[in-house]
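Derivation of every value follows stated rules applied to the coordinates shown; laboratory data play no part. Fair warning: this is a prediction, and the values are worked out from it, not measured in the lab. Positions of Cβ are backbone-derived with ideal geometry, glycine not excepted, and every protein chain shown enters the neighbour counts.
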Amino acid sequence: MKKFIISFWITLGLKLEHLMFKMGILKYFDFTDLTWNDSLENMGGFTSIAYFAPWQDIETWPTLSDNPITDEELVTLSGNFAMKENKHFIQVYVTPETAELNANNQGETDGQSFRNEGEFLYPGSKAECRAFARKINNSRGVVILIDGDGDRTCIGTEMLPCFFKPTLNYGKAAADRKGLVVQFFQNHFAPGLIYKGSIPLDGSEIPEQS
């Protein structure tokens, strides 16, 4: 009887798993070869401009494909950010070599995901710097970083937004660098999402990438 009950639950579990897969609730992904060629360039880091938008200012969001076929579709957002009236992304200068992003694994076996977290530094302590720190302190939203190849990494989605922890360092000695360190994090299934859509700014727009 005990063996029958165990067998029954195993069979039921497999049938439920198959049903969830058919309905798109549970996804399986095919693996592909990872190759590397000589002479390829692989410079780390990001450019000295970051783009930020608060969650409340975004009307519609780009999304991941429900049925990705290629590796690129698995980690690339489709569509564009559409902003509410008179709203736009904020362009933030970043001190060179201070923008950082790490996709750290988190969770227990069979429940793992990624914690996409990083930081950047905006120099100084003027009024606009202090105001930005105050406004972003309890905000959620999106950060877009651009690497040396021009590839855009988006941290923050509609359902899994990015959160922020600003710290304004005034320094101790004259030689110390003072500035606003903005730490950010997002929990997600993917280790950072590629975004090729447009970035609407104040009076202009960074166009889509082909």
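Pop out the ³J(HN,Hα) list for the stretch 64-74 in order, Karplus 6.51 cos²θ - 1.76 cosθ + 1.60 with θ = phi - 60°, rounded to Hz; leave Gly and Pro as x.
7, 5, 6, 9, x, 9, 9, 4, 5, 5, 5
Note the angle between two axes, namely the Cα long axis of helix 2-23 and the longest principal axis of the Cα atoms of the chain, as a number of degrees from 0 to 90, rounded to the nearest 10.
Helix 2-23 and the main axis of the chain meet at about 50 degrees.
Could you size up the charge dipole of the chain around its Cα centre, putting +1 on the beta carbon of Lys and Arg and -1 on that of Asp and Glu, and report it in debye to the nearest 20? Provide the component values of the computation, followed by the final result.
Details: 19 positive and 27 negative charges, 243 e Å.
That gives the chain a dipole magnitude of about 1160 debye.
Hand me the chymotrypsin sites (Phe, Trp or Tyr not before Pro) from the stretch 113-194 located in a DSSP loop with no more than 16 other Cβ atoms within 10 Å, in residue order please. Intermediate results must be reported in sequence, preceding the final value.
Details: sites: 114, 120, 132, 163, 164, 170, 184, 185, 189; in loops: 170, 189.
The qualifying sites are 170, 189.
Against the longest principal axis of the chain, how steep is helix 127-136, in degrees 0 to 90 to the nearest 10, with axes from Cα atoms?
20 degrees
Let me check against my output: what whole-number percent is the relative contact order of the chain, with C-alpha pairs under 8 Å and at least 6 apart? Write down the numbers at each step before the final one.
Working: 386 pairs, mean separation 46.3, N = 210.
Relative contact order here is 22 percent.
Could you pull out every residue, at least 5 positions away or on a different chain, whose amide H is within less than 5 Å of the one on residue 178? Hs are placed 1.01 Å off N in the peptide plane, and Pro or chain starts have none.
Sorted by chain and number, the residues that satisfy this are 124.
What is the distance in Å between the Cα centroid of the stretch 113-130 and that of the stretch 75-108?
Value for the Cα centre distance between the two parts: 12 Å.
For the stretch 45-123, run through the GluC sites (Glu not before Pro) and keep only the ones in DSSP coil with at most 13 other Cβ atoms within 10 Å of their Cβ.
Values: sites: 59, 72, 73, 85, 97, 100, 108, 117, 119; in loops: 85, 97, 108.
Sites meeting the loop and neighbour criteria: 85, 97, 108.
Karplus couplings for the stretch 107-124 from phi (6.51 cos²θ - 1.76 cosθ + 1.60, θ = phi - 60°), rounded to Hz, Gly and Pro as x?
x, 8, 3, 6, x, 8, 8, 10, 10, 7, 9, x, 6, 8, 10, 9, x, x
Farthest toward the dipole's positive end in the chain, which of 68, 200, 106, given Cβ charges of +1 (Lys, Arg) and -1 (Asp, Glu) about the Cα centre?
Towards the positive end, the residue furthest out is 106.
Calculate how many DSSP beta bridges within the chain are antiparallel, expressed in % of all such bridges and rounded to the nearest 5. Don't skip to the end; give the middle numbers.
Details: 47 of 49 bridges.
The answer is about 95 percent antiparallel.
Does the stretch 54-131 classify as rounded, prolate or oblate by the C-alpha gyration tensor (a ≥ b ≥ c root eigenvalues; a/c under 1.5 gives rounded; else a/b over b/c gives prolate, otherwise oblate)?
Values: a/c = 2.42, a/b = 1.33, b/c = 1.82.
Oblate shape, in that a/c is at least 1.5 and b/c is the bigger or equal ratio.
Step through the table entries 135/172; 84/126; 87/172, compare each Cα-Cα distance with 27 Å, and write down the pairs that go over it. The partial results should precede the final answer.
Working: 135/172 25 Å; 84/126 29 Å; 87/172 38 Å.
Correct reply: 84/126; 87/172.
Got a sec to turn the phi values of the stretch 204-210 into Karplus ³J(HN,Hα) couplings, 6.51 cos²θ - 1.76 cosθ + 1.60 with θ = phi - 60°, whole Hz, x for Gly and Pro?
Per-residue couplings from phi come out as 8, 7, 7, x, 4, 9, 7 Hz.
Cα convex hull of the stretch 64-210: how many Å³ per residue?
Values: hull volume 22.4 nm³, N = 147.
In the stretch 64-210, the Cα convex hull volume per residue is 153 Å³.
Are there any chymotrypsin sites (Phe, Trp or Tyr not before Pro) in the stretch 22-90 that are in a DSSP loop and have at most 15 other Cβ atoms within 10 Å? List them by number. Don't skip to the end; give the middle numbers.
Working: sites: 28, 29, 31, 36, 46, 51, 52, 55, 81, 89; in loops: 28, 29, 31, 36, 81, 89.
Hits after loop and neighbour filter: 28, 29, 31, 36.
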